[in-house]
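Below: one structure, written as structure tokens.
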Amino acid sequence: MASEVKTLNVEGMSCNHCENSVKKAVGALNGVGNVTVDLKSKKVTIEFDPSKVNVDIIKDAIVDQGYDVI
């Protein structure tokens, strides 16, 4: 799998529930390998296969959970 790593700034996350919601939603996408959420810096780092999923789909998954991608 050719992978790409992207870090997104996500507003609205404040607790472990927020972290788990984002990890679960993004991790469920086909082509996503690893998801790391840093609540303190409000950053989500995603390793993914760009031939299966793109950044816009990943952003939509985060927004669908109620958070803003900056």
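Under a 5 Å amide H to amide H cut-off, with H placed in plane at 1.01 Å, what residues pair with VAL10 once short-range neighbours are removed?
LYS43, VAL44, ILE70
Please compute the modelled spin-label separation between ASP38 and ASN16, points set 7 Å along Cα→Cβ, answer in nm with one decimal.
2.1
With +1 on each Lys and Arg Cβ and -1 on each Asp and Glu Cβ, and nothing else charged, work out how big the dipole of the chain is about its Cα centre, in Debye to the nearest 20. Let's see the in-between values first.
On the way: 8 positive and 10 negative charges, 33 e Å.
That gives a dipole near 160 debye.
Just how many % of Cα pairs in the chain lie over 20 Å apart, if you round to the nearest whole percent?
It works out to 17 percent of all Cα pairs.
Under a plain spin-label model, where a point goes 7 Å from the Cα along Cα-to-Cβ, how far apart in nm are LYS6 and GLU47?
Roughly 1.7 nm, to one decimal.
In terms of modelled amide H atoms, which long-range or inter-chain residues lie less than 5 Å from the amide H of ASN34?
Answer set, sorted by chain and number: GLU47.
Using helices alone, what [θ] at 222 nm do you get for the chain, with -39,500 (n - 2.57) per DSSP H run of 4 or more residues, divided over all residues and rounded to the nearest 500?
Helices in the chain give a 222 nm mean residue ellipticity of -9500 deg cm²/dmol.
Quick note: the coordinates plus some simple rules give every number you see, no bench work behind them. Just so we're clear, the structure is a prediction, and the values are computed from it rather than from any experiment. Glycine also receives a Cβ, built like all others from the backbone with ideal geometry; neighbour counts cover every protein chain displayed.
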